[in-house]
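Structure record follows, encoded as structure tokens.
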Amino acid sequence: MSQVVTLKDAQIFQKGNKVLSDVNFEIEESQFVYLIGKTGSGKSSLLKTIYGELKLNEGDGTVDDFDLTTLKKKEIPYLRRKIGIVFQDFQLLMDRTIIQNLYFVLKATGWKKKEVIHNRAMECLKLVGVEDQAQKMPHELSGGEQQRVSIGRSLLNKPRLILADEPTGNLDPETSEEIMNLLIAIAKEEKTAILMATHDMHIVNKFPNRIVTVKDGLVTENS
């Protein structure tokens with residue numbers, strides 16, 4: 001198995017204050033990892049360090065082939081192509097159709113040919129089971145369908161890693177379980193590592209996977 005994320009003795013700072021100390025943590029391809037911890041515990045700072053929003057100044061860290069300690073501003077967009085992000089509130093562009101939402105991301109990340117863009121967008125909508133909704137506007141979809149689109153969008157650039165930030169936070173229990181089954185299947189079939197921040201212990205218990213906890217400035221593994 002190849003490593004997708006490695007953090008070694010990492011000290012994570014936000015606005016000059018140390019938020020997390022001595023972070024030693026790795027994720028391999030296809031692994032599904034829960035990140036749990038109270039609001040304000042440092043979960044977001046850890047995610048932001050992984051996708052290059054916070055600079056890693058102390059310790060070592062890599063995501064795919066990118067070294068987080070030497071990462072230059074101009075390299076950040078390329079790092080982010082290796083990472084798909086799924087948000088709690090879907091963050092779809094409400095003024096365009098579902099497929100146009102996906103076109104937008106592909107064009108913004110350097111895809112040029114119209115036909116190739118269309119085919120990749122449809123492929124990702126198919127992967128998450130909403131290809132029939134391609135021409136609809138986001139407001140015409142249920143919350144669960146919008147989250148499926150959001151997951152499809154995160155897969156566009158064949159990421160090595162998906163960061164899912166409370167992806168079931170705005171969904172009812174039944175829809176949450178559908179989304180979990182989808183994420184777990186993607187980890188397996190696409191060989192994508194998934195790091196999912198969540199408060200939902202019902203989900204964690206129902207779909208057991210590796211758990212990492214952020215508490216009192218430390219990141220620890222639950223056995």
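Evaluate 2.2 N^0.38 Å with N set to the residue count of region 61-165, then give the Cα radius of gyration divided by it.
Taking the Cα Rg and dividing by 2.2 N^0.38 Å, one obtains 1.10.
Of the residues Pro138, Pro159, Pro208, the one that moves most in a GNM of the chain with alpha-carbon contacts below 10 Å is Pro208. The orientation-averaged shadow of the Cα convex hull for region 99-151, equal to a quarter of the hull surface, comes to 3.4 nm².
The alpha-carbon of Lys191 sits under 19 angstrom from the alpha-carbons of these aspartates and glutamates, leaving out residues fewer than 8 places away in its chain: Glu26, Glu28, Glu29, Asp64, Asp65, Glu123. Working from the Cα coordinates of region 110-188, the gyration tensor eigenvalues give, after taking √(5λ), semi-axes of 22, 16, 10 Å in decreasing order. Derived scalar couplings between HN and Hα for region 27-40 equal 10, 9, 4, 6, 7, 10, 10, 8, 10, 10, x, 5, 4, x Hz in order, rounded to whole Hz, by the Karplus curve 6.51 cos²θ - 1.76 cosθ + 1.60 (θ = phi - 60°), x for Gly and Pro. Between Asp216 and Glu26, the C-beta separation translates, for a Förster distance of 25 Å, into a calculated FRET efficiency of about 0.70. Between Lys73 and Gln11, what is the FRET efficiency for a Förster distance of 22 Å, r being their Cβ-Cβ separation, to the nearest 0.05? Here the calculated transfer efficiency is 0.55. Placing a pseudo-label 7 Å from each Cα along the Cα-to-Cβ vector at Leu93 and Lys113 gives an inter-label distance of 2.3 nm. Within the same chain, lysines fewer than 8 places from Lys43 are excluded, and of the rest, those with a Cα less than 22 Å from its Cα are Lys8, Lys15, Lys18, Lys55, Lys82, Lys206, Lys215. Note on the chain: percent of Cα-Cα distances in each 5 Å bin, starting at 0 and stopping at the bin with the largest distance, equals 1, 7, 15, 19, 19, 17, 12, 7, 3, 0, 0. Could you work out which residue, out of Leu141, Leu56, Leu68, moves most in a Gaussian network model of the chain, that is, has the largest mean-square fluctuation with Cα springs under 10 Å? Of the options given, Leu141 has the highest mean-square fluctuation. Note on Glu58 and Met1: the extension gain reaches 17.8 nm, defined as 0.36 nm multiplied by sequence separation minus the Cα-Cα distance.
Since every read-out is calculated from the coordinates, none of them should be taken as a lab result. In this text the structure is predicted, and so the values were computed from the model without any measurement. We place every Cβ from the backbone using ideal geometry, glycine too, and count neighbours over all the protein chains shown.
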